[in-house]
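The values are calculated or read from the model by the stated rules, or taken from the named source; none is laboratory data. Here the structure is a predicted model, which means the values were calculated and not measured. Cβ: placed from backbone, ideal geometry, glycine included. Neighbour counts: every protein chain shown.
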Amino acid sequence: MAVTPPPAYLATIRGIDKFTEYTAYVFCLLNIPLIASNTYEVISRYVFNEPTEWALDVTTQSFGSMFMLGASYALMKGAHVRTDMLWEKFSDRKKGAIDAIAYVIFFMPTMLVLVYISYDDFLYSMDIGAIVAASLAIFFLSLAGIPLTGGFLAKLFMIKAALSYQPWLAIVAVVMAVVSVFYYFRVIQAMYFRSADQVTQPEFPKAFPALLLITALLVVLLGIFPEALLGLLYF
């Protein structure tokens, strides 16, 4: 006789799955610096013979972050590598038992070790303002009108309004948007790739990085789910 799980249990599982799916959309944004840095490096290295020092770091950090942060979504979709010739012969109950035992014995201890050995790096990143830099980078990407940010929607609506009024204004807006991309990306490059000896680390209130991070996440969520805000404005 099948046992029906309690409603609270099912609601919790559905909530976790929905959170995993929505955050996966945000983590997909890491493809942008991953592809952009590789493209820039190839052109700079093989066309202009001017290789960069930062493209490899951006590629490594983007891919590593996307791999680790997207692992939960891959697990939810059953996309991790398995020995299918054996796995498909197991019942759902046996598959669940194998997953539970494997994650308790192998996955959780591995994650605890990684947390332990990376704790000092986490503290160091807090000291050098990594959260502030990441949040500011998202703000600059939004100001540049990069897709999947709130700034992209703002520029899109502005250009659409200009087209309906004076088409030449839309052309000017597009040109200025392209110019702004170079400016904002230079600021991001300075934040991440300038030597620490060349800059002075400012002092921030303790709550400031958290507030910046929350605002940056809202900017990204607005770009991914604009209907949520538009539904409030146009009810």
Residue check, S125 in contact (Cβ under 8 Å) with a residue 40 or more places away in the chain and under 26 Å from L218 (Cβ atoms): no
Restricting the range 1-38 to residues that are hydrophobic (A, V, I, L, M, F, W, C) and exposed (fewer than 12 other Cβ atoms within 10 Å of the Cβ), the residue that is nearest to I188 (Cα to Cα): F19
Any hit, the range 49-60, residues being under 23 Å from A130 (Cα atoms) and loosely packed, with under 12 Cβ neighbours inside 10 Å: yes
Single match in S125, S135 (criterion: modelled with pLDDT of 80 or more, among the polar types (S, T, N, Q) and closer than 17 Å to F208 by Cα): S135
